[in-house]
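Scroll down for the structure; my scribbles are underneath it.
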Amino acid sequence: MSDNRSALNDKAALLSQRAAVILLLGVLTALGAGVLTWCNGGTLASAALVGGAAFGAGVTFFHSVID
């Protein structure tokens, strides 16, 4: 069993820590914008569109800010 665990630890990471943080912040930005749009009386479709746009803008922003 220990051979299996050492083989799993030798694999390279799928995402770097920086990329994971940037994507997480983008998802949180999208959720916040979508929920605020929906709570303000928007439809679910408009909340999803706003959330998608906020995700793109958030990822671009955090990519340029986080070094």
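The values are calculated or read from the model by the stated rules, or taken from the named source; none is laboratory data. Note that the structure is predicted; figures quoted are calculated from it, not measured. Virtual Cβ from ideal backbone geometry, glycine too; neighbours counted across all protein chains shown. Note: accessible area is taken over every heavy atom of the protein model, side chains too, but ligands, DNA and RNA are not part of it. Shrake-Rupley method; radii C 1.70, N 1.55, O 1.52, S 1.80 Å.
Observations on the structure shown:
- Test: residue in segment 28-37 that is open to solvent by less than 70 Å² (accessible area, probe 1.4 Å), modelled with pLDDT of 95 or more and either among the acidic types (Asp, Glu) or under 11 Å from the mean Cα position of the chain (by Cα) (or both): yes
- Any hit, segment 44-58, residues being at pLDDT 95 or above, open to solvent by 90 Å² or more (accessible area, probe 1.4 Å) and more than 30 Å from Ser16 (Cβ to Cβ): yes
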